[in-house]
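Student: Provided herewith is a single structure, encoded as structure tokens, for subsequent inquiry.
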Protein chains: 2
Amino acid sequence: MEQVKYILEEKEIPQYWYNILADLPEPMPSVLHPVTKEPIKPEDLAPLFPMELIKQEMSTERYIEIPDEVRQIYRLWRPTTVFRARVLEKALKTPAKIFYKYEGSSAPGSHKANTAVAQAYYNKKEGINRITTETGAGQWGSALAFAGACFNIEIKIYMVRISYDQKPYRRVMMQVWGADCIPSPSNHTNSGREILAKDFNCPGSLGLAISEAVEEAASRDDTHYSLGSVLNHVLLHQTVIGQEAKIVLEKIGEYPDILIGCVGGGSNFAGMFLPFVKDKIDGSHPNIQIICTEPSSCPTLTKGPYCYDFGDEAGLTPLMKMFTLGHGFIPPPVHAGGLRYHGMAPIICHLLNLGLIEARAVHQLGTFQAGVDFARSEGIISAPEANHAIRVTIDEAIKCRESGEAKTILLTLSGHGLVDMAAYQAYFDGKLHNYDYPKEKIEQALKDLPKV
Amino acid sequence: MEQVKYILEEKEIPQYWYNILADLPEPMPSVLHPVTKEPIKPEDLAPLFPMELIKQEMSTERYIEIPDEVRQIYRLWRPTTVFRARVLEKALKTPAKIFYKYEGSSAPGSHKANTAVAQAYYNKKEGINRITTETGAGQWGSALAFAGACFNIEIKIYMVRISYDQKPYRRVMMQVWGADCIPSPSNHTNSGREILAKDFNCPGSLGLAISEAVEEAASRDDTHYSLGSVLNHVLLHQTVIGQEAKIVLEKIGEYPDILIGCVGGGSNFAGMFLPFVKDKIDGSHPNIQIICTEPSSCPTLTKGPYCYDFGDEAGLTPLMKMFTLGHGFIPPPVHAGGLRYHGMAPIICHLLNLGLIEARAVHQLGTFQAGVDFARSEGIISAPEANHAIRVTIDEAIKCRESGEAKTILLTLSGHGLVDMAAYQAYFDGKLHNYDYPKEKIEQALKDLPKV
């Protein structure tokens, strides 16, 4: 029988996270304090994060040990499986070999659990029993709720009100794991109360939810704040994905020619490709192609300028140098909620700027068509976010059919779409459409970039 | 680190299904033709099923080879993982060891895929490219839709209208895999048209949906019918579950004192316990306790008489000797849709009648509480059906705490609850309640038992 599934043993879960900062050909641009615009110092972040995570954020050590307590929980779903998409290959009549690594087997159903568990652990270790965060569609909120249950930490989640009302099922998942999820804007914070005073029916935004979560964490000694993407330590925690993939591929004598994943804040795909970028930087595999896929309606990497901007809409976070559409840009309501972010992880932006990776934007309808084709071939119903990566994978496999090249493609499948069936329903009902490039809104938002 | 997860290799997927009919201490009662009331013959079933499945239905061979084509698809998610519930054990302060086997990792999210794939394969092999079936809440329909995609078979699913309207997400899953799902009653069949003529807004019932699916299959040469539980061959296909569990436990030197699972039609738990019942029958493990859990509101095994009844509400199916609440009984609307069935697999009923297994009924609220406790300990959000088994597992573990006995419990977790979050929401919102034993409705239904 042809092999389709590659599983590692529990003892092969990586012992270390891989830190790309040790191997960059040029150092990362500094992160700046939002007020002083001086490079940020560890103590600036101390009210929000445990010191161990702040150290990781700034570390240039190549390997950072994964605590046993974290690996114990990883073992519930890790190592995750690498599949070979033989049925899809046949359907596409492509000579390409398509492998995919599936992160949907964690209890919350996505890669987000990899960092949620680590962040909860370090907070607990420093005596923190309460964490706030924000969530849009709910993937991150449910992952942190799960991690809170693992370490008996109280989790409070500010969920963008429009999602809270329209997408109740991820919120119920958070509740099952014992988290407190409330709609933002709320009357729990000054930021929330100010907005509600102006507009009692405000639908909220991710930027506002961040403001509320940060405000509460900063104002309470017993409470920290947690972020699900963008930051260096979050990407670091996701590198278990790529390290496991490398072990599998090495065992079967393969190495990818092309890596493909979707990017919103950037953590899932960075988790896969950072251990491979290492090989590109050190010259052992100089020609691998690494393609970040993003929505055409939120084309951060393909259309944004590379400059300093805030991570949140309200301008409370440090300034990071990144490709950005402007922190005030509100993307069109595509169903891939996890990709609706104005900025991008600074590590990804730096690598793109150095020409080590590339980016491609795709339209919504094509991504759902790809997701349906994938489900009918491979069984798994993928998240709308991951459908962006499947779209480009299929496109690349078709190019291989046309050129006759038997390339090896490695696809990162960040999560399942079982809590997103309303999006598939809208697709089948013909209610989805592609969005034009929101040129004017982006130009407007870029006018408000902070002066650095 | 303490082991929590036990994974077999792909080559350890069983090569054979185990057929309990070879080892029964007394033969099964005959299945009777609904009109002649004579024992049914293979040719009676030929319009609906491929001959290979009819042979399996009646076979007394101990081991039936699993075709390579079926094992190839099983490999997408099998062997399934056995977990040790160490966190739950600690939370319960029990000396019991709790193991659970999780069938939610298949693409449709439950054990149903094990038989759906096999049934689709045998139909395809006999040249059938079109299958009808019925579904209630949608677990079975989505599994057959997935199997149809695997073998390129057109699947038509009659879904009970009230579920079709109220639970759209499983229906969308079927659509993703390319199946045609329509609400029943429909105007596609005489049975449907007759009902619609009387009541255009009829919410439908599983019995009626069966009638529609059977009628269409019987009236078209190119179309067969498929059933997701109850029949011998369906239980047979599920025995991969128990065989894999035995291999894992043998490797770690364990053997269960208690097996616990939920039963609706009976296939998931039978798939686990039949290979263990063998050991009870042959005397090698005479004392294992096998507990079927069912809803108090649909107490087939705990309250029903053991007699001949139809498998469907309309009385079209053969007569099977089983514990039954009467084929006209419509259970209260508990959220565990898969357990709302008036009858039970004849194999399970026979074993219960012989005293080889036992049954226990539990109330709805306690099952959801157990599901929440389980999710907060073990991470997995379980299906409302499987929560019945978790409830009894926790009860037994608490008994062990009280008695000081370190029993080994093996729980069967039939699927995840990610498409059932509305049920959890209703639970948290205080909208669920327990149902009294529906004594009068059952007594009424039992008056209509067929005379044999």
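The values are calculated or read from the model by the stated rules, or taken from the named source; none is laboratory data. It should be emphasised that the depicted structure is a prediction, and the values quoted were computed from it without experimental measurement. All Cβ positions, glycine included, derive from the backbone under ideal geometry; neighbour counts span all protein chains shown.
Student: Take segment A:218-256 and flag every residue that is within 17 Å of residue A:4 (Cα to Cα) and either in a loop (DSSP other than H, G, I, E, B) or of a type in the set (Gly, Ala, Ser) (or both). Spell out how you get there, then give the answer.
Tutor: First, pick out the residues of segment A:218-256 that are within 17 Å of residue A:4 (Cα to Cα): A:244-256.
Correct list: A:245, A:252, A:253, A:254, A:255, A:256.
Student: Ok, one more. Those residues that are of a type outside the set (Val, Ile, Thr) and in contact with a helix residue (DSSP H, G or I) (Cβ under 9 Å, 6 or more places away or on another chain), I need them from segment B:75-85; list them, please.
Tutor: Within segment B:75-85, B:75, B:76, B:77, B:78, B:79, B:83, B:85 qualify.
Student: Follow-up question, since we're still on this one. Considering only segment B:148-166, state which residues are at the interface with another protein chain (Cβ under 10 Å from one of its Cβ atoms) and on the phi < 0 side of the Ramachandran plot.
Tutor: Selection gives B:148, B:149, B:150.
Student: Still on this model: Only one of (1) more than 29 Å from residue B:275 (Cβ to Cβ); (2) within 14 Å of chain A (Cβ to nearest Cβ); (3) crowded, with 24+ Cβ neighbours inside 10 Å; (4) of a type outside the set (Phe, Trp, Tyr) is not met by residue B:364, so which one is it?
Tutor: The single condition residue B:364 does not satisfy is (2).
Student: Within segment A:283-315, count every residue that is more than 19 Å from residue A:358 (Cβ to Cβ) and either in contact with a Gly (Cβ under 9 Å, 6 or more places away or on another chain) or not in a loop (DSSP other than H, G, I, E, B) (or both).
Tutor: Here the count works out to 9.
So that you can scan it fast, the table gives a plain yes or no per residue for (1) within 30 Å of residue B:399 (Cα to Cα); (2) among the acidic types (Asp, Glu); (3) in contact with a Ser or Thr (Cβ under 6 Å, 6 or more places away or on another chain); (4) surrounded by fewer than 24 Cβ atoms within 10 Å (Cβ to Cβ):
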{"position": "B:222", "(1), (2), (3), (4)": "no, yes, no, yes"}
{"position": "B:239", "(1), (2), (3), (4)": "yes, no, no, no"}
{"position": "B:252", "(1), (2), (3), (4)": "yes, no, no, yes"}
{"position": "B:262", "(1), (2), (3), (4)": "yes, no, yes, no"}
{"position": "B:267", "(1), (2), (3), (4)": "yes, no, yes, no"}
{"position": "B:286", "(1), (2), (3), (4)": "yes, no, no, yes"}
{"position": "B:292", "(1), (2), (3), (4)": "yes, no, no, no"}
{"position": "B:305", "(1), (2), (3), (4)": "yes, no, no, yes"}
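Student: When you go through (1) within 17 Å of residue B:108 (Cα to Cα); (2) crowded, with 24+ Cβ neighbours inside 10 Å; (3) modelled with pLDDT of 95 or more one by one for residue A:393, which number turns out not to apply?
Tutor: Every listed condition holds for residue A:393 apart from (1).
Student: Say whether the condition of being within 14 Å of chain A (Cβ to nearest Cβ), part of a loop (DSSP other than H, G, I, E, B), hydroxyl-bearing (Ser, Thr, Tyr) and within 26 Å of residue B:128 (Cα to Cα) is met by at least one residue in segment B:54-62.
Tutor: So far as segment B:54-62 goes, no, none of its residues is within 14 Å of chain A (Cβ to nearest Cβ), part of a loop (DSSP other than H, G, I, E, B), hydroxyl-bearing (Ser, Thr, Tyr) and within 26 Å of residue B:128 (Cα to Cα).
Student: Give me the helices (runs of 4 or more DSSP H) completely within segment A:160-213, filtered to those with at least 3 residues that are modelled with pLDDT under 90, ordered by residue number.
Tutor: Once the helices (runs of 4 or more DSSP H) in segment A:160-213 are filtered for at least 3 residues that are modelled with pLDDT under 90, what remains is A:161-166.
Student: Could we say that residue B:113 is within 14 Å of chain A (Cβ to nearest Cβ) and either surrounded by 24 or more Cβ atoms within 10 Å (Cβ to Cβ) or at pLDDT below 95 (or both) here?
Tutor: Judged against the criteria, residue B:113 is a match.
Student: Please enumerate the residues belonging to segment A:302-336 that are among the small types (Gly, Ala, Ser) and within 23 Å of residue A:215 (Cβ to Cβ).
Tutor: Going residue by residue through segment A:302-336, those that are among the small types (Gly, Ala, Ser) are A:304, A:311, A:314-315, A:326, A:328, A:336.
If the condition is that a residue be among the small types (Gly, Ala, Ser) and within 23 Å of residue A:215 (Cβ to Cβ), then A:311, A:314, A:315, A:326, A:328 are the ones that fit.
Here is a yes/no grid of residues against (1) within 14 Å of chain B (Cβ to nearest Cβ); (2) loosely packed, with under 15 Cβ neighbours inside 10 Å; (3) part of a helix (DSSP H, G or I):
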| position | (1), (2), (3) |
| --- | --- |
| A:399 | no, yes, yes |
| A:405 | no, yes, no |
| A:412 | no, no, no |
| A:423 | yes, no, yes |
| A:427 | yes, no, yes |
| A:442 | no, no, yes |
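Student: Can I ask one more? For segment A:367-397, name all the residues that are within 14 Å of another protein chain (Cβ to nearest Cβ), of a type in the set (S, T, N, Q) and part of a helix (DSSP H, G or I).
Tutor: Selection gives A:367, A:369, A:377, A:387.
Student: Separate question: Considering (1) hydroxyl-bearing (Ser, Thr, Tyr); (2) closer than 22 Å to residue A:417 by Cα; (3) away from chain A (no Cβ under 11 Å), say which one residue B:169 fails and leave the rest.
Tutor: Here residue B:169 clears every test but (3).
Student: So which residues in segment B:1-41 are among the basic types (Lys, Arg), in a loop (DSSP other than H, G, I, E, B) and in contact (Cβ under 8 Å) with a residue 40 or more places away in the chain? Let's see the steps before the verdict.
Tutor: Step one: list which residues in segment B:1-41 are among the basic types (Lys, Arg), which gives B:5, B:11, B:37, B:41.
Okay, now just the ones that are also in a loop (DSSP other than H, G, I, E, B), so B:37, B:41.
The one that is among the basic types (Lys, Arg), in a loop (DSSP other than H, G, I, E, B) and in contact (Cβ under 8 Å) with a residue 40 or more places away in the chain: B:37.
Student: For residue B:72, state whether it is in a helix (DSSP H, G or I), polar (S, T, N, Q) and more than 13 Å from chain A (Cβ to nearest Cβ).
Tutor: No, not satisfied.
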